[in-house]
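What follows is a single structure, written as structure tokens, with notes after it.
The values are calculated or read from the model by the stated rules, or taken from the named source; none is laboratory data. In this text, all values refer to a predicted model and were calculated from it rather than measured experimentally. Glycine gets a Cβ as well: all are built from the backbone with ideal geometry, and neighbour counts include every protein chain shown. When the accessible area is computed, the model is the full protein with side chains, heavy atoms only, and any ligands, DNA or RNA have been set aside. Shrake-Rupley method; radii C 1.70, N 1.55, O 1.52, S 1.80 Å.
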Amino acid sequence: MHLIEPVIPTLRVVAPAPAAELLRLEQVTFRYPNGHAAVDGVNLSLGPGILGLLGPNGAGKSSMMRMLATLSRPTSGRIVWKDSDVARDPDVLRAALGYLPQDFGVYPALSAREFLRYMAAVKGLPRGLAHRRADECLEQVGLAAEAGRRLGDLSGGMRQRVGIAQALLNDPQLLIADEPTVGLDPGERLRFRHLLTELAGRRLVILCTHIVSDVEASATTLAIMRKGKLVFAGTPDALLECARGKVWDWTVSADRFDQVCSSYRVSNSQRRADGVRVRLMSPVAPARDAEPVSPSLEDAYVNVLAEAEEA
Ligand code: ADP
């Protein structure tokens, strides 16, 4: 997956449009009636793969997701799905869309199979096809053996997989998941991330989250939003590159620790016998005895947001 960004100066990576472009955002802006631009002039071009859409709370991710899921329209700019303008012709994208909202409202008394058949009917699948797809999708998310169990009796992770199964009923080419790991335990989160990777293939999967580790292993592309603007778009490696040479390991005496915290962006600290070992972000070495370290994706994410804030 590649991205283009010809317009916004804060965007960090400029790449040609992908050969197999599926989705294009052209100066997409969404304003709430009070005039607040929750999404502000975003340009992106996406092909198959997993896009991790990251940003702190309030960045505009949900507002963006709602537009992509055709639940709202840009107030200006265009969303284009396979050459078709989504605002003008939303049904083209809807037919290709699978959406896992944050809260997909389960019906605890229904079995997983009954729920999927019901959702298939809501999506307009004929009865025979609905029954077949319900079983195929449960199989796809590893829940064939649980098909007859009531949703209320399933674990959070299993319920989330039922949510993915319902999003897959129409074999979507665009799969959108909004903060899908909220409430899952670490094992379930891992399993969920693997599942999304398996499902990517020829699809475009958009995974919206504020947790970097949710997309660390799986995303082929990252897009980072801050205050409605896209402040980074590119590969995870390109994001790491932005922070290279800016992360330091430094052991300071305990009485200097507060001063270091107020002068630098400290991401971690560890008390030790010889002082406090600090991991911090700085464009130049904070001291002669500070050691440069390889940035983690979390470091790089924090760094991009901090630089956007200073810009
Ligand atoms: P995120 O999903 O990244 O947390 P949102 O899309 O929910 O971000 O919100 C983006 C911005 O839009 C925030 O500043 C938020 O306060 C604002 N916002 C969200 N909903 C409304 C609304 N109904 N009216 C006005 N502003 C809103």
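What to note about this one:
- Radius of gyration (Cα atoms) of the chain, expressed as a multiple of 2.2 N^0.38 Å: 1.12.
- Entry comment: accessible area of the chain is 47 Å² per residue, from protein heavy atoms only and a probe of 1.4 Å.
- Region 149-259, relative contact order in percent, only Cα pairs under 8 angstrom and at least six apart counted: 19 percent
- Shape of region 132-253, Cα gyration tensor, a/c cut at 1.5: prolate
- Spatial extent of region 210-311: Rg and Dmax, with the Cα atoms as the point set, Å: 14.7, 45
- Solvent accessible area, Å² - Lys123, 1.4 Å probe, full protein context: 80 Å²
- Rounded percent of accessible protein surface that carbon and sulfur make up, region 125-237, 1.4 Å probe: 50 percent
- Net charge over other residues, Cβ less than 11 angstrom from the Cβ of Asp89 (K, R count +1; D, E count -1): 0
- Beta bridges per DSSP, both residues in the chain: antiparallel share near 65 percent.
- Principal-axis analysis of the Cα atoms of the chain puts helix 186-200 at an angle of about 60° to the longest axis.
- Sorting 234-245, 39-50 by their mean Cβ neighbour count within 10 Å, with the most densely packed peptide first, gives 39-50, 234-245.
- Using C-alpha pairs below 8 Å separated by at least 6 residues, the relative contact order for the chain is 20 percent.
- Antiparallel bridges, percent of DSSP beta bridges restricted to region 147-238 (to nearest 5): 50 percent
- Compared with the dominant Cα axis of the chain, that is its longest principal axis, helix 112-122 is turned about 80°.
- Acute angle (nearest 10 degrees) that the helix 127-140 long axis makes with the longest principal axis of the chain, alpha-carbon atoms: 30 degrees
- Relative packing of 70-80, 204-214, which averages over residues the other C-beta atoms within 10 Å, highest first: 204-214, 70-80
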